[in-house]
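Below is one structure, written out as structure tokens, with a few remarks after it.
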């Protein structure tokens, strides 16, 4: 298949720039994957679409305030100013483990403009005043703005990051990119209510709809709820740069499957109960875990690891039997994942056609798209 097969036209006014006024008040498009049938509903009615005994799996990763502004040390010296014009935007995507120097605070990052930031460069991060709160050496350069940064040791790196960092909103959410003040709305709403484990460079956005009341209503309806952690990293930010779907390779992302969730999954499989994934991150993690088992009965153990699994039409889902997700960008790997779930493995093109038809319906009905937008339930 071609990446261009997953293109569609979206009116700009349907790209949600802010979350709904009340968390959980989003619309929900429901797709019957067996028939392709569609129905318009509200997210608040999610419990009515699930069955008692379903296992709902959430990604509890917490978004880091990973968007930073830096100045080059060389530029500061040249201009004799702590904050010269031409700030460098830095987005931390994931920590890097270094077996040789385990105490080094290494991070993968995307920088802009990248041409100014080469290995050997020192970046300084200020809040106010003449002294930087953080400093980092650029130790390696990759393609498309990727850089590896080594941060100097500070007393509490994450506390400092929380002090000077900004929420890493995607570029289609328009904000003042030069602003040094964070939006209180984005700080609160670009985070799920159940986030626990800090580490993501983007929100698992399907979970943004949930409220404590929704979770309680699901449990009252007999839905079992479990969590895992997948930290969203660089793959979310890099566009597809190949023409054929078969050529796509994703960056690896870190995950943890706790013991309670492994047990819940094993019970659900043995009992023949449906596993419903909240979001593409949860779906990828569950299907990666399933692929680690040989053909036959699944025996899932708690563990941590990393995955670069890419789910496209033709994938045979072994664990996930339902999916709640937001609407995704044209020609994105996330759209391909949703198409994979919507179609039968033996008819690879079917899911692609079903999803594009569903998206056309959503556009006609004025659904809000992307991170702060409405959601879609596939069963």
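Please treat every number below as a calculation from the coordinates, not as lab data. This is a predicted model, so every value here is computed, not measured. All Cβ positions, glycine included, derive from the backbone under ideal geometry; neighbour counts span all protein chains shown.
Observations on the model:
- Residue exposure proxy: 221, 328, ordered by other Cβ atoms within 10 angstrom of their Cβ from fewest to most, comes out as 221, 328.
- Förster radius 30 Å - calculated FRET efficiency between residue 217 and residue 270, Cβ distance, rounded to 0.05: 0.65
- Fewest-first sequence of 115, 163 by Cβ atoms within 10 Å of each Cβ: 115, 163
- Residue 157-residue 299 pseudo-label distance in nm [points 7 Å out on the Cα-to-Cβ vector]: 3.8 nm
- Measuring r between the beta carbons of residue 291 and residue 7 and using R0 = 30 Å, the FRET efficiency lands at 0.55.
- Panel values: the chain, Kirkwood radius from alpha carbon pairs, Stokes-Einstein at 10 °C and 1.306 mPa s, translational diffusion coefficient 73 µm²/s.
- Structure-based [θ]222 nm, the chain - -39500 (n - 2.57) summed over DSSP H runs of at least 4, per residue, nearest 500: -6500 deg cm²/dmol
- Centre separation in Å (Cα based) which lies between the range 187-202 and the range 91-151: 23 Å
- Extension gain (nm, one decimal) between residue 103 and residue 183, 0.36 nm per residue minus Cα-Cα: 25.5 nm
- Comparing 332, 33, 293 in a Gaussian network model of the chain (Cα springs below 10 Å), the most mobile by mean-square fluctuation is 293.
- Residue 39 paired with residue 363, simple spin-label distance in nm, labels 7 Å along Cα-to-beta-carbon: 2.6 nm
- Modelled spin-label separation between residue 25 and residue 48, with each label point placed 7 Å from Cα along the Cα-to-Cβ direction: 1.9 nm.
- Order of 320, 96, 270 under a 10 Å beta carbon neighbour criterion, fewest first: 270, 96, 320
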